Each structure stands twice: as structure tokens, then as C-alpha cells.
Amino acid sequence: MSDPFDLADFPDDEPAPEPAGRHAPIPPAPWIAGLNEAQRAAAEALDGPVLVLAGAGTGKTRVLTTRLANLIHTRRCMPWQILAVTFTNKAAREMKERVAALIGPGAESLWIGTFHSIATRVLRRHAELVGLKSSFTILDTDDQIRLMKQILEAEGIDEKRWPPRQLAGTIDRWKDKGLTPDKVGAADSGFADGQAPKLYQTYQDRLRTLNACDFGDLLLHNLTLFTKHPDVLREFQSKFRYILVDEYQDTNTSQYLWLRLLSREHKNICCVGDEDQSIYGWRGAEIGNILKFEADFPGAQVIRLEKNYRSTPHILGAASGLIANNQDRLGKTLWTDRNDGDKVAVRGVWDGDEEARFVGEEIETLQRQAESLNSMAILVRAGFQTRAFEERFITLGLRYRVIGGPRFYERQEIRDALAYFRVVTQPDDDLAFERIVNTPKRGLGEATIQQLHRAARAAGLSLTAATRALVETDELKPKPRTALAQLIRDFDRWRGMLEGLGHLDVAETILEESGYTAMWQADRSPEAPGRLENLKELIRALEGFDNLQGFLEHVALVMDNDKGEAEDMVSIMTMHAAKGLEFDTVFLPGWEEGIFPSQRSLDEGGLSGLEEERRLAYVGITRARRRCIISHAANRRIYNQWNAAIPSRFLDELPADHVERQAQGDFYAKGFGSFGGGSTLGGGFGGGARQDGTPWLSAERRYSGRTIEAAAKRLDGSEGPSGWAPGVRVFHQKFGYGRVTSVDGEKLTISFDKAGEKKVMAAFVEKA
């Protein structure tokens, strides 16, 4: 049986057609007539390097497919001489279908696919040149981690201190950058005291022995083929006379080098992308690739698609004003010939629960106005934010779907934690006990687990009771007997704590003392921080219940909520998952410092991290067709602690002409001044003022009269910010007494006597 990707199936030895300009002019294809001026320019700029800067909602896919069809219509090349690469199989399928609808026969011979699928086709043809057979297998993530674990064991490296997943992440990053083992040094990684490069080489040797590669190898081996075997490079350079690239802003270094090599001969490369939507730096994307396109390809045409067919003028104005604050961009301004639509709404709320209530009420109002749930989406920055909305929607009976991940209570870390809680409240829950008996690892093999099951069946006992009995005998080996005896003692102690401590404290203690939290803290995978945030949110969820048993009953009912798919459902997802989608109404909750922009992104990425977060905000806003509603809370309770929230700096950057600010509920102030460029103040305050134009304050339930009076005094301008300085003693109604440690305009950092260090607004403290 021949190789399914044999290049012989694509006869590129046929002579290339003469350029269209040498013969009688070919009339424009009928599909050109429907394009706007910029789209038509992009579809007809066929020769030489071209960069199409396609803003959100500007018809990028239509331009790509029309341009591709135009290459064939103008007889510049045969279909098999065109290479078109995308990032997802879905995008590749859509492109194939659209081109086939335009040109008919011949579309099936186009080389359209993802970077990885095209690289696989190339590699299978020349696998032996990199030490593989053409029948090589591609490892998935689980196989990759298992192989890493074997290598660490063979080298005598403690996998608890140096997790296999961390090594895999390090090697993946090197491969994304096009680095083979001989090109990295010990200084490039602190893993296992500088042993990562040697382990990388061992891993690559082992893969060759297995006749396998991982996803990173597909591009890396292609680069090796092209750089060490010039004849192979010439083969594909000659074959691909025209190259089209979708989502160029998301390319990593390996993909960039691969494209540069392939396009070197004909230089007919067209890259379509939007630097303002480059949001995947955390997985290797290099925004610099699109920013330096003109330097890489001298004489390149740059065509900007700026007419938006999706959103209202106010949505586009808000998004454009926000993204203009980024420095790393080529620049474009979205516009539309529509003249309808409301301003982007910014809503301040008291806390996360009120935020969920507010969003639920807005959705119900839209439903009564005959709006479909399918046309609405909630886009969050972090996965833990979904819980409050899920529970509120269940209470209201609103149908919803979580896209890009499981529902909150179905996530692995949440199910594990719940299993611990279930065994504490119900020792005979065998399913829960079995789930966590060796999570985190306690040195229990499958044989030990089966021994527990046999003992339980023989004695007619639950697994917990059987384990309690077995650890008192010599039937188990010493190591598992010791581990199980300790686990039983832990469960007994935690159960006893419920009588004297609050269930929140007990839940935190269980996760800490079991080692479960530490397990995820030691994990270096990209998912680990999110899992830890979800565990914090789980503790937060316990607050609304009198005891652990009541909470577990609630979760059972939530999990039993109708799981059947319905046609009409609200979508809940992260902003990353929403890229490429659009909805009539988009809710953007949690716009607070630390959540959005993410504190982790700021800590790890500095200015570049901040700019990527701003691009993510731009993506979130531009998903909306008709309505965009942003919300932020004055307070967030995280891990059993109230935190005064500071509104996101991005709110300051939204142009006032396109935004309507309004607070929610009786706590909030209207017309508060800005601590930057027009944002709401104090984590929940918005637009509006007295009739005479001066700001006013309405607050009755959260702060004492003294504090409100002091806040109003400052807001009316009778006391300026100069009165605050490090060392000043202050009082805050919720956090108590403390001392100012630093001042940033209206934002104070205060070391409170009991609550620790907090960032709060000056309007809500008074001098002690």
C-alpha cells in the first residue's frame, strides 16, 4: 500500500502555466464583484510578498479563499502548486469547501491544511533522513509524559521534585523556537540542576528508537530536512509557487522559519493576520513575526482590511480606543457604515455573586424581548469565574453550555476535592474513596487497590472500613500499609474537626494536609495555575452553606441538572476560546486588576504581558455584534478572604464617547471621578452626577456613616490626594486599622493590622 501522503500523487513536474499578463487579459472572476475596495486589492495582489492586516470582522476568510481561487482563475499556477496553511482543522476544512465552491474540479489537489498536517506529509516522504521510517507514529501528550517519566527514572531524578510534565513543557518550548538538543545550553533551563539539555537529547534518541515523534518534532524535523538537505528544500520550494498563511500573528519561531525557507525561491507569500489579536504568547506565538514582515520580505505590499461587518460603531470605537494604547502594533482603525447600537456598558457591582445576578437578570430581560440564548455569551478571563454564573443560571432555569472545557463541578480537580469531602462526611462512599486513595500518589499500586476490594467484598464492608481493618494486620506490604494507615487517621481527624471548626476551615485543611494542593503547586503544566484558582473558587462556593453535607447535596443537584443538549443555550467560555466567534450580546465580567489583566501575565511578561492582555480585551469586545456589557466588582472573596478589588486599568482606556458607565444597586456611587482616564472608582462606581454636575454618593448598607462622609468629602474635591503619604495611619470599615505603605494617585497600598496588605481606594479609608 502506498504512502497516503506520497507527493507522486501531486504531479508537480508539469510545466507551470505562463503568467497571465503575457496573453490576452483574463476578465475578473464573478466573485470579485462582491468585495469592497480593500478586500479586492488583497484578492488581486497575487505576486510577491503581501501582508493583509485583517481586523476583527472584516471578512478575512472570504479574502483568503477568493485570493486562492483567483490564483487559479488567472492561470498563474496549477492547484497543486499552492500551499495554504492554517492553525485548525476546522479552518482548513472551511477553506477547502469555500474554494471548491468557487473553482469546482481541481480544489481537491490543493495543499490546504494545518502546519502540523502539512509538515507530516513532508516528513513521511523523507523520514529516513532524520532517522525515522515513513510509518512513524505521533505521540499524544499522555504518551509523551509517560516517556519523560521513564527517562527521569532511568537517570535517577526525583519526579516529585522535577515533574515529567515540567520537562515536557521545557522541551516543547525549545522545539517551538526551532532548537535541537545541540543548540540549547544548561543555562537555558534550571530543570534538574541544568540537566534538561542532556535529557532532551536522551528523549530524542528514545523517540527515534520507538520510530515516533511528538507534535513539536513535526516542524523541527522539517527544519532539519530543509537546512541539512538542500535538495529536499529545493523540491518543495519549486513545488509551492504560491503560499498563503492564515492567522500569521499566531506563528511560533519554528513555523516562521519553515515559511521563510519554503518561500525563498518564488517569494510569492501572502500572510493574513491581525497583530491586535495575537493572544497566544503563552504557548509560543511570536507577535514579532507579523511586526517585522516588511523587513523580512523587502518590497512587500501591506493591505489593511478595516471595514467591519460585525459590530456597531460604539463597540468598534471602544475596542479601537483601547488597543491604541499598545506599542507593538502596525496600526489600523476599524470602522463600519452602520449607525445603530448602544454604547458599551460598564457596570459596577458589589461582589461576584451580585455580578452573576446582574448578568442573569440582563439575559432574562433580553429573552423577554425575543432574543435567543444562542446569541449571548459570557467571556471570562479565567476558568474559575464560570462557577458563579453556572450556579445562578441553574437557579434561574437558564440553559447554558461551557465551551472549551467541562462545567465547573465536572473538572478533575473539583471532582477530586469533592471526593475528599464526601469521604469525610460519608465514610462508606466507596466511589469517592477509590478516586482519591492514591491521589496524590501514596505509593499504592494496582495490586494493593485490588487487595482492598477483595477484603471489602469478603467481609461485606465499605472500602474505608476494609482499609481500616487491613492496616491493623500484616497482610499489606509495609509501605502501602503505612500510607493507608496515615490516610485513615487523616480522615478521622478531619471528621472530628467538623464538630469544632467551620466547614470552610476544614475544607481548606483537607486540601492542604492531604497534599492535594501541593500536588498542583508542584505541577509545571500550563493548566496547573488554573486548577489552583478553581480550588480557591470551590472554597468560595462553600460560603453560602451551613455545613459540608449541605454543600455536597447542592453539588449533587447541580450535577444532575439536565445535561441534554438544547438548541437555545447561553455560551460560557474564556476569551481565548472565543477567538473567531461572534454573538449579538457579549458579557465581559471580572474586569479588575489581578483578574484582568491577569497578575500572573504581568508578573511573568511585564510590558509584553500587559500588551497581550490588552489584545485579549480587544478580542473580547470585538466578539460582540450589538451589545457589549463589561462588569467589575468592588470586592472578590478568594480562598475565604475578602479582597477589595481595583477596577481594571483597561476601563480607563475605553473612550468616554463610546462608553456608558452605570453602577448597580444601592451601594454604588454615580459620577465618580477617574483615577486615570475616566474609569469608575472604588470597584463598583459608574457614570452619572447631580443635576448641578457634581458627583453624588448613595450608600447605605456596607460602610459606616463616618466612612461614607469621608468618601463623599474626598469625591467632592474638598480634600486632595496630597493628604495621603506612606506612614499615615488609617481606618477602613471592613479591614480595620492600618498604615499606608505606598500611594499611587487614588490607589493606596495599606498594611492592615489584622487583614494584612491590601490595595484600596483612598475614598474608602479615613485617617485614624
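The values are calculated or read from the model by the stated rules, or taken from the named source; none is laboratory data. As the structure is a computational prediction, the values presented were derived from the model and not from experiment. Counting neighbours? That spans all protein chains shown, and the Cβs are built from the backbone with ideal geometry, glycine included. Ligands, DNA and RNA are stripped out before the accessible areas are found, and what is left, the full protein with its side chains, is counted by its heavy atoms. Shrake-Rupley method; radii C 1.70, N 1.55, O 1.52, S 1.80 Å.
Express the accessible area of the stretch 209-301 per residue in Å², computed with a 1.4 Å probe while the remaining protein chains stay in the model.
Here the residues of the stretch 209-301 average 35 Å² of exposed surface.
Tell me the per residue accessible area of the stretch 58-102 using a 1.4 Å probe; a whole number in Å² is fine.
40
How would you order 282-291, 383-392 from highest to lowest mean count of nearby Cβ atoms within 10 Å?
The peptides rank, most packed first, as 383-392, 282-291.
Tally the DSSP beta bridges in the chain and give the antiparallel ones as a percent, rounded to 5.
Details: 25 of 75 bridges.
DSSP beta bridges in the chain are roughly 35 percent antiparallel.
Counting alpha carbon pairs within less than 8 Å and at least 6 residues apart, what relative contact order, in whole percent, applies to the stretch 216-372?
Working: 148 pairs, mean separation 26.8, N = 157.
Once normalised by length, the contact order is 17 percent.
How long is the gain from GLU153 to SER238 if the chain were fully straight, where each residue apart is worth 0.36 nm and the alpha carbon distance is subtracted? Numbers along the way, then the final one.
Numbers: separation 85, 0.36 × 85 = 30.60 nm, distance 4.65 nm.
Computed gain between GLU153 and SER238 is 25.9 nm.
If we count every other residue with Cβ under 15 angstrom of ASP328's Cβ, Lys/Arg +1 and Asp/Glu -1, where does the sum land?
Here the charged neighbours net out to -4.
Please find the FRET efficiency linking ARG415 to ALA101, where r is the Cβ-Cβ separation and R0 is fixed at 51 Å, and quote it to the nearest 0.05. Could you put the intermediate results ahead of the total?
Working: r = 45 Å, r/R0 = 0.88.
The formula returns an efficiency of 0.70 here.
What is the extension gain from ASN36 to SER109, computed as 0.36 nm multiplied by their sequence separation minus the C-alpha to C-alpha distance, in nm to one decimal?
23.4 nm
Taking the Cβ of ASN268 as the center, what net charge do the other residues with Cβ under 13 Å away carry, scoring Lys and Arg +1 and Asp and Glu -1?
Around ASN268, the surrounding residues sum to +4.
Report, to the nearest whole %, how much of the accessible area of the chain belongs to carbon and sulfur atoms, 1.4 Å probe, protein only. Display every interim value, and only then the final one.
Values: 15820 of 33040 Å².
Exposed carbon and sulfur together represent 48 percent of the surface.
Evaluate E = 1/(1 + (r/R0)^6) for ALA768 and ALA518, where r is the Cβ-Cβ distance and R0 equals 51 Å; express this FRET efficiency to the nearest 0.05.
Plugging the Cβ-Cβ distance into 1/(1 + (r/R0)^6) gives 0.80.
Could you check the spin-label model distance between HIS453 and ASP47? Points 7 Å from the Cα along Cα→Cβ, value in nm.
Using points 7 Å along Cα→Cβ, the separation is 7.1 nm.
Which shape class, rounded, prolate or oblate, goes with the stretch 439-528 when its Cα gyration tensor gives a ≥ b ≥ c as root eigenvalues, a/c under 1.5 marks rounded, and past that a/b bigger than b/c marks prolate?
It comes out oblate by the Cα gyration axes.
Among the listed pairs LYS332/LYS579; LYS177/LYS579; LYS307/LYS343; LYS332/LYS747, which are separated by more than 29 Å between their Cα atoms?
LYS332/LYS747
Between ASP193 and THR365, what FRET efficiency follows from the Cβ-Cβ distance if R0 is 35 Å, with the result rounded to 0.05?
Once rounded, the FRET efficiency stands at 0.05.
Go through LYS133/LYS183; LYS477/LYS536; LYS536/LYS758; LYS160/LYS536; LYS183/LYS441; LYS90/LYS133 and tell me which ones have a Cα-Cα distance over 27 Å in this structure.
LYS477/LYS536; LYS183/LYS441; LYS90/LYS133
Rounded if a/c is under 1.5, else prolate if a/b is larger than b/c, else oblate: which is the stretch 216-285, with a ≥ b ≥ c the root eigenvalues of its Cα gyration tensor?
Note, shape of the stretch 216-285 comes out oblate.
Taking the Cα centre of the chain as origin and charging only Cβ (+1 Lys, Arg; -1 Asp, Glu), how large is the dipole, in debye to the nearest 20?
In total the dipole reaches around 760 debye.
Can you give me the relative contact order of the stretch 299-363 as a percent, contacts being Cα pairs under 8 Å and 6 or more apart?
It comes to 38 percent, rounded to a whole number.
How do the peptides 466-473, 324-331, 650-657 rank, highest first, by the average count of neighbouring beta carbon atoms within 10 Å per residue? Each step should come with its number before you reach the end.
Values: 466-473: 17.6, 324-331: 14.9, 650-657: 19.4.
Listed from highest to lowest mean packing, they are 650-657, 466-473, 324-331.
If I take every Cα pair under 8 Å that is 6 or more residues apart in the chain, average their sequence separation and divide by the length, what percent do I get for the relative contact order? Can you show the working numbers first?
Values: 1309 pairs, mean separation 100.7, N = 768.
Here the relative contact order equals 13 percent.
Once both labels are modelled 7 Å past Cα along the beta-carbon direction, what's the GLU553-GLU604 spacing in nm?
Computed distance between label sites GLU553 and GLU604 equals 4.2 nm.
If you average the C-alpha positions of the stretch 120-194 and of the stretch 35-100 separately, how far apart do those two centres end up, in angstrom?
36
Taking a probe of 1.4 Å, how large is the accessible area per residue of the stretch 362-511, in Å²? Don't skip to the answer; put the middle values down first.
Details: 6700 Å² over 150 residues.
Roughly 45 Å² per residue, with all protein chains present.
Given 0.36 nm per residue, what is the gain on full extension from ASP340 to ILE403 after removing their alpha carbon distance, in nm?
So the chain would gain 19.7 nm between ASP340 and ILE403.
With the dipole of the stretch 103-220 worked out from charges on the C-beta (+1 for Lys and Arg, -1 for Asp and Glu) around the Cα centre, which of THR137, LEU207, LEU123 lies farthest toward the positive end?
It is LEU123, whose Cα lies furthest towards the positive end.
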